[in-house]
Amino acid sequence: MMNKQPEALRLADAMLNYWDERGPDAEAVAAELRRLHEVNEAFGKRQEWWNDRMFELEAALRQALSPQWQGLTDEQFRELADEHLFYQPEGYEVSGVFNFARAIEAKLKEKNDG
């Protein structure tokens, strides 16, 4: 069975429990290992908090800096339709749809990409 105890705590326990000839500083060293483990745990929690804030900030910045989609106004749509669509008198069919679609695409690109 694997020991899941953090290394600092395992070493502190080993120093106190398994060494027959421990010096007078063994308890102080074990206490310091335990203290440092607590400091490290607290640091890890603060680091997680900061990481979370950084991810939130990054997401907010991406949102703020991403260009907002610009659509066509009704006026612009009508202008493009008047320019590119026409009726075939013999069949009452709308022609120029492909050109109209390309014109819409070009206008949207102009508005959104500069």
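The values are calculated or read from the model by the stated rules, or taken from the named source; none is laboratory data. Keep in mind it's a predicted model, so treat the numbers as computed, not measured. Please note: Cβ atoms are built from the backbone with ideal geometry, for glycine as well, and neighbour counts cover all protein chains shown.
Do we have any residue at all in the range 31-47 that's at pLDDT below 80, among the acidic types (Asp, Glu), on the phi < 0 side of the Ramachandran plot and surrounded by 10 or more Cβ atoms within 10 Å (Cβ to Cβ)? If you could, list the steps in order and put the result at the bottom.
At the first step, the residues of the range 31-47 found to be at pLDDT below 80 are none.
For the range 31-47, residues at pLDDT below 80, among the acidic types (Asp, Glu), on the phi < 0 side of the Ramachandran plot and surrounded by 10 or more Cβ atoms within 10 Å (Cβ to Cβ): absent.
Which of the residues spanning the range 35-76 are small (Gly, Ala, Ser) and without any contact (Cβ under 8 Å) to a residue 12 or more places away in the chain? Within the range 35-76, Ala42, Gly44, Ala59, Ala60, Ala64, Ser66 qualify.
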